[in-house]
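**Q** One structure is given below, represented as structure tokens, and several questions about it will come after.
The values are calculated or read from the model by the stated rules, or taken from the named source; none is laboratory data. Since we're looking at a predicted model, the values are computed, not measured. Every residue, glycine as well, gets a Cβ built from its backbone with ideal geometry; the counts of neighbours run over all protein chains shown. The accessibility values were calculated without ligands, DNA or RNA, using every heavy atom of the protein model including side chains. Shrake-Rupley method; radii C 1.70, N 1.55, O 1.52, S 1.80 Å.
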Amino acid sequence: MNNLAPKLTSEEYEKNFAEIHPPFTPNSAAAEANRCLYCFDSPCMKACPTHIDISTFIKKIASGNLKGSAKTILSANWIALTCAKACPVEVLCEGACVYNARGEDPIQIGRLQRYVMDWYVERGMPPIFTPAPKNGKSVGIVGAGPAGIACAAELSLMGYGVTVYEAKSEPGGLDTWGIAPYKMKREDSLNEAKMVERLGATIKTGMRVGDNISLDDLIRKHDAIFLGVGLRTPTRLRIPGEELAGVHDALTFIERVTTRKWSSVDVGKRVAVVGAGNTAIDAVTEAKRLGAEQVMIIYRRSSEEMSAYDFEFELAKIDGVTFHFLTTPKRILGTGHVGAIECVRMKLGAMDADGKRSAEPIPNSEFQIPIDMVITAVGQTPEKSFLAQIPNLKMDRGNVWVNPETYQTSSPKFFAGGDCINGGKEVVNAAADGKKAAHGIDNFIMSNE
Ligand code: SF4
């Protein structure tokens, strides 16, 4: 890279990537738990996609029964530690807490859940569930991300023999490789995978279906297969200059930062991130924390249309991110390496098929921004070459189609959940899908007995 930001000291990296939500102490957790009104008709529980019995787990904290609290949480959500740290609680459980309507701070449900799950992990994750005796049936799971892990745990508990095939060197999917280190540590996600192995599931890493195991083998070996393959193919900008050195996709960049070898990640002095979703915000704030001097977001619509949550937007502003709204890149300029980005101003038009106002270029409004690095964050799609090999697998607007009740795909032996069916939602949605799909698989196998 031409114009690299200087490397920081290890103390500066640690400070920049320190957790933004520190854990509760025992006293502060007890005090917060005692604020809960234990609402009979808990709106917080309804707002959680996994429907954790929040008032019950909080009541157990207040009475000092942390193991019981962990059991309440895990019986609804197998990746509860990740969710406690990475969930957008402001728009889910905490956003629904009755305290908001009174103009008071909501119960800090995420931090309380984290308090319980940290306690459980620190004590070595003692067994709290007893799996049913083995039923002789076998399920293969493709992808050890949140949907796959949740599905594996639930099926293992029901007595199924479960093998998870993960292409990467470690399990966890986005939870391990794609969440900003100031939100959670990848060890949290690896511990959740360990918990699933203790329930009896086998996780085989470095196993890419089509490379070291064939799809036919998978179909032969298992009574059903769950696809938790996520979205791994970044959407390209399709503009000239995208092939220049210094242009990166956001997931690859975030993955390098997540492994915590910060000094080995080169970052430009001036970094532009194209896109305005939560992944774009993660990428731009991480570039800043690595030492970039100028960081900016380029987005073709206005702040009203951006898909990043308000609190992520606020975090980026605090980090000094400049926002170029109503702006889209036209070409990336440079000789071998990025040197500038040419953009065009946009104006909003009529509503498009996504329910957002369309963005149209304003003629002759081109301008250039000097830049040393471009990170693209305009979405991802499922790995189509793999999915295309599955017989009769129907796709719906680029995602795998499933029956919304059973999570069964159009290829009867295959079920699916998580980002590959919804185009990219929250980790907690994937956890909920994996669990529900496990029950769809159980009904399918048992009804074919
Ligand atoms: Fe407690 Fe708020 Fe949930 Fe009521 S809505 S049970 S006060 S966390």
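**Q** Give the number of residues within segment 20-50 that are free of Cβ contacts under 8 Å to residues at least 40 places away in the same chain and either touching an Asp or Glu at 6+ places or on another chain (Cβ under 8 Å) or within 13 Å of the ligand (Cβ to nearest atom) (or both).
**A** Total meeting the criteria: 5.
**Q** Identify, please: which residue in segment 377-406 is without any contact (Cβ under 8 Å) to a residue 60 or more places away in the chain and on the phi > 0 side of the Ramachandran plot and is, among those, farthest from the chain's Cα centre (by Cα)?
**A** Checked segment 377-406; the qualifying residue farthest from the chain's Cα centre (by Cα) is 392.
**Q** For the structure I just gave you, tell me whether residue 105 is in contact (Cβ under 8 Å) with a residue 12 or more places away in the chain, of a type in the set (Asp, Glu), open to solvent by 30 Å² or more (accessible area, probe 1.4 Å) and within 16 Å of the ligand (Cβ to nearest atom).
**A** no
**Q** While we're here: Would you confirm whether any residue within segment 13-26 is over 26 Å from residue 175 (Cα atoms) and touching a Ser or Thr at 6+ places or on another chain (Cβ under 7 Å)?
**A** Within segment 13-26 (the criterion being over 26 Å from residue 175 (Cα atoms) and touching a Ser or Thr at 6+ places or on another chain (Cβ under 7 Å)), the answer is no, since none of the residues qualifies.
**Q** Do we have residue 71 as open to solvent by 60 Å² or more (accessible area, probe 1.4 Å) and away from the ligand (no atom under 15 Å from the Cβ) here?
**A** yes
**Q** A further question follows. Looking at residue 183, is it open to solvent by 10 Å² or more (accessible area, probe 1.4 Å), in contact with a Gly (Cβ under 6 Å, 6 or more places away or on another chain) and under 28 Å from residue 69 (Cα atoms)? Walk me through how you get there before you give the answer.
**A** Working: open to solvent by 10 Å² or more (accessible area, probe 1.4 Å): yes; in contact with a Gly (Cβ under 6 Å, 6 or more places away or on another chain): no; under 28 Å from residue 69 (Cα atoms): yes.
So residue 183 does not fit the description; no.
**Q** Could you look through segment 230-249, keep only residues that are at pLDDT 95 or above and in contact with a Gly (Cβ under 8 Å, 6 or more places away or on another chain), and pick out the one that is nearest to residue 165 (Cα to Cα)?
**A** Applying the filter and picking the extreme gives 247.
**Q** Could you check how many residues of segment 116-162 are of a type in the set (Phe, Trp, Tyr), over 19 Å from residue 443 (Cβ atoms) and not in a helix (DSSP H, G or I)?
**A** The number of residues fulfilling the criteria is 1.
**Q** Follow-up. Would segment 259-268 turn up any residue that is farther than 27 Å from residue 164 by Cβ, open to solvent by less than 10 Å² (accessible area, probe 1.4 Å) and not in a loop (DSSP other than H, G, I, E, B)?
**A** yes
**Q** Take residue 83 and tell me if it is of a type outside the set (Val, Ile, Thr), within 16 Å of the ligand (Cβ to nearest atom), open to solvent by less than 10 Å² (accessible area, probe 1.4 Å) and in contact (Cβ under 8 Å) with a residue 60 or more places away in the chain. It would help to see each step written out before you state the result.
**A** Working: of a type outside the set (Val, Ile, Thr): yes; within 16 Å of the ligand (Cβ to nearest atom): yes; open to solvent by less than 10 Å² (accessible area, probe 1.4 Å): yes; in contact (Cβ under 8 Å) with a residue 60 or more places away in the chain: yes.
Taking the combined requirement at face value, the residue satisfies it.
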